[in-house]
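First up is the structure itself, then whatever we jot down about it.
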């Protein structure tokens with residue numbers, strides 16, 4: 001699922017998103033993949049606490065798939081405390097429940113809250129733990145709330161970049177104004193009712209003529225059924241023109257041959 | 001972010017989810033990572049159309065991180081038509097807009113619709129194209145609608161497993177009943193108002209005694225501010241007991257020494 005449209009505005013990109021803090025990431029490649037997932041979601045501020053490998057290594061840059069600018073701007077810290085010192089809110093992502101009295105948020109709720117904090121000028125961040133062990137209890141205790149991704153409880157192992165992707169995805173969705181459903185018609189116009197009614201008239205005239213609608217007591221329901229089929233199709237003007245042609249040529253052929261008789265529909 | 005709780009019921013897991021159809025996946029490793037992402041989201045039915053590599057190779061099994069059962073049950077087909085023949089609805093995931101008149105859904109809307117189809121006994125599926133090129137226009141034309149993930153339009157390259165993960169995540173969320181926000185208190189009880197009021201009485205009595213609340217006209221607002229601080233903390237019974245101890249020992253010391261005089265707060 002590749003595709004980047006450089007001509008569309010980078011909505012969501014910019015330095016207004018929450019800071020992503022990776023605590024002791026083990027593999028540089030994973031840091032690169034996190035950068036890629038962040039940029040997908042319009043997140044740009046990455047902090048690293050005691051990364052084990054060089055996050056600007058060749059492997060990391062390759063794994064970032066073009067998001068290496070984000071890696072180059074990443075800042076590293078010796079301790080979690082230092083990495084979160086200037087933040088006003090900190091969320092901790094975890095997969096395991098901890099023996100702590102702590103607010104638990106879904107990524108969707110967390111994203112909405114992060115938007116709210118940023119809207120009033122706060123500077124929030126989200127922490128992700130080392131690949132194998134997750135965040136330490138001490139790091140979790142530094143956070144205001146825990147974010148847990150609702151996933152199949154019998155199998156919820158996410159890699160680091162996937163965890164960042166899901167949190168980032170919800171962050172992006174929380175501002176995104178994509179219509180939940182739309183018909184993409186690429187510049188053509190949706191057919192007006194008049195255009196449709198003209199088409200139905202054409203269709204029904206030819207179906208009367210060829211004998212398809214020959215049984216008077218069945219005709220009204222047959223006509224309704226056909227109209228419903230084409231109504232459901234959300235036709236464009238261009239498509240209606242195409243269908244006019246389909247009917248005409250089915251009935252008369254390309255060279256305008258005489259209408260076939262109705263024998264076929266009587267057998 | 002690792003963590004799998006085998007004792008919790010595998011809600012969402014089962015063969016009731018949409019079929020995932022990978023069209024010409026290039027790398028076996030990616031098929032393995034797709035299996036992992038699917039299982040995370042409770043999806044179990046995988047179909048492959050003309051995969052280039054063996055999806056049961058060592059690399060694929062390793063990449064599936066324990067979701068290899070799903071790989072073993074995967075079915076392969078020669079053509080997209082054959083792979084979708086028994087399905088009643090098919091969605092196509094794409095990153096590029098196509099020059100087609102087609103309904104476009106967000107993953108969230110698509111997930112809700114898939115739930116609806118399955119609830120009435122239909123068998124829907126979601127197609128994902130080859131890693132580099134995405135679905136062909138002919139494959140897209142076979143689908144009822146297109147699913148496009150709203151992401152940073154200036155950078156929306158997702159790898160195959162990430163695309164499956166985001167669709168599967170929305171599938172799982174569409175049924176998940178995790179509360180959007182909850183306080184996890186691990187078996188302890190939230191403090192009742194009575195328990196809190198007793199605590200406030202204790203605190204205020206000691207603050208009166210030590211002189212902190214000595215200015216009569218400031219006392220009411222000071223008391224309100226202190227109560228608000230502790231109200232916001234959503235205290236449990238155990239935490240209130242701890243705080244009673246904190247006040248007592250701050251004031252009298254561990255060995256019950258005499259209260260210090262109030263000189264300190266007068267300077």
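Taking the criterion of being within 8 Å of chain B (Cβ to nearest Cβ) and within 19 Å of residue B:39 (Cα to Cα), would at least one residue in segment A:107-114 satisfy it?
No, because not a single residue in segment A:107-114 is within 8 Å of chain B (Cβ to nearest Cβ) and within 19 Å of residue B:39 (Cα to Cα).
Quick one: in segment B:192-218, of everything that is more than 23 Å from residue B:252 (Cα to Cα) and assigned to a helix (DSSP H, G or I), which residue is farthest from the chain's Cα centre (by Cα)?
Going through the qualifying residues, I end up with B:194.
Name the single residue, out of those in segment A:172-190 being more than 9 Å from chain B (Cβ to nearest Cβ) and touching a strand residue (DSSP E or B) at 6+ places or on another chain (Cβ under 9 Å), that is surrounded by the most Cβ atoms within 10 Å (Cβ to Cβ).
Let us first name the residues in segment A:172-190 that are more than 9 Å from chain B (Cβ to nearest Cβ), namely A:174-175, A:187, A:189-190.
Keeping just the survivors that are touching a strand residue (DSSP E or B) at 6+ places or on another chain (Cβ under 9 Å) gives A:189-190.
Values: A:189: 10, A:190: 15.
It comes out as A:190.
Name the single residue that is nearest to residue A:154 (Cα to Cα) among those in segment B:21-36 being within 14 Å of another protein chain (Cβ to nearest Cβ) and assigned to a helix (DSSP H, G or I).
Residue satisfying both the conditions and the ranking: B:36.
Looking at this structure, is residue A:163 part of a helix (DSSP H, G or I), within 30 Å of residue B:65 (Cβ to Cβ) and either at the interface with another protein chain (Cβ under 10 Å from one of its Cβ atoms) or modelled with pLDDT of 95 or more (or both)? Full working, then the answer.
Values: part of a helix (DSSP H, G or I): yes; within 30 Å of residue B:65 (Cβ to Cβ): yes; either at the interface with another protein chain (Cβ under 10 Å from one of its Cβ atoms) or modelled with pLDDT of 95 or more (or both): yes.
Against the criterion (part of a helix (DSSP H, G or I), within 30 Å of residue B:65 (Cβ to Cβ) and either at the interface with another protein chain (Cβ under 10 Å from one of its Cβ atoms) or modelled with pLDDT of 95 or more (or both)), residue A:163 qualifies.
State the number of residues belonging to segment B:206-228 that are surrounded by fewer than 14 Cβ atoms within 10 Å (Cβ to Cβ) and under 18 Å from residue B:242 (Cβ atoms).
The qualifying residues number 0.
Name the residues in segment A:59-73 that are buried (at least 22 other Cβ atoms within 10 Å of the Cβ) and part of a loop (DSSP other than H, G, I, E, B), would you?
Matches in segment A:59-73: A:64, A:67.
Anything in segment A:204-247 that is free of Cβ contacts under 8 Å to residues at least 12 places away in the same chain and closer than 24 Å to residue B:100 by Cβ? List them, or say none.
A:228, A:229, A:232, A:233, A:241, A:242, A:245, A:246
Picking from A:150, A:130, which residue would you name as being in contact (Cβ under 8 Å) with a residue 24 or more places away in the chain, in a loop (DSSP other than H, G, I, E, B), facing chain B (nearest Cβ under 8 Å) and on the phi < 0 side of the Ramachandran plot?
Working: A:130 fails: facing chain B (nearest Cβ under 8 Å).
Result of the check over A:150, A:130: A:150.
Determine which member of the set A:39, A:56, A:48 is at pLDDT 95 or above and assigned to a strand (DSSP E or B). Walk me through how you get there before you give the answer.
On the way: A:39 fails: assigned to a strand (DSSP E or B); A:56 fails: assigned to a strand (DSSP E or B).
After ruling out the rest, the residue left standing is A:48.
Assess whether residue A:236 counts as being over 14 Å from residue A:197 (Cα atoms) and within 14 Å of chain B (Cβ to nearest Cβ). Don't jump to the end; show me each part of the working.
Values: over 14 Å from residue A:197 (Cα atoms): no; within 14 Å of chain B (Cβ to nearest Cβ): yes.
Judged against the criteria, residue A:236 is not a match.
Restricting segment A:133-144 to residues that are free of Cβ contacts under 8 Å to residues at least 60 places away in the same chain and crowded, with 18+ Cβ neighbours inside 10 Å, which is nearest to the chain's Cα centre (by Cα)?
Checking each candidate, the answer is A:134.
The values are calculated or read from the model by the stated rules, or taken from the named source; none is laboratory data. Since the model is a prediction, treat every value here as computed from it, not as a measurement. As a convention, Cβ positions derive from the backbone with ideal geometry for all residues, glycine included, and neighbour counts pool all protein chains shown.
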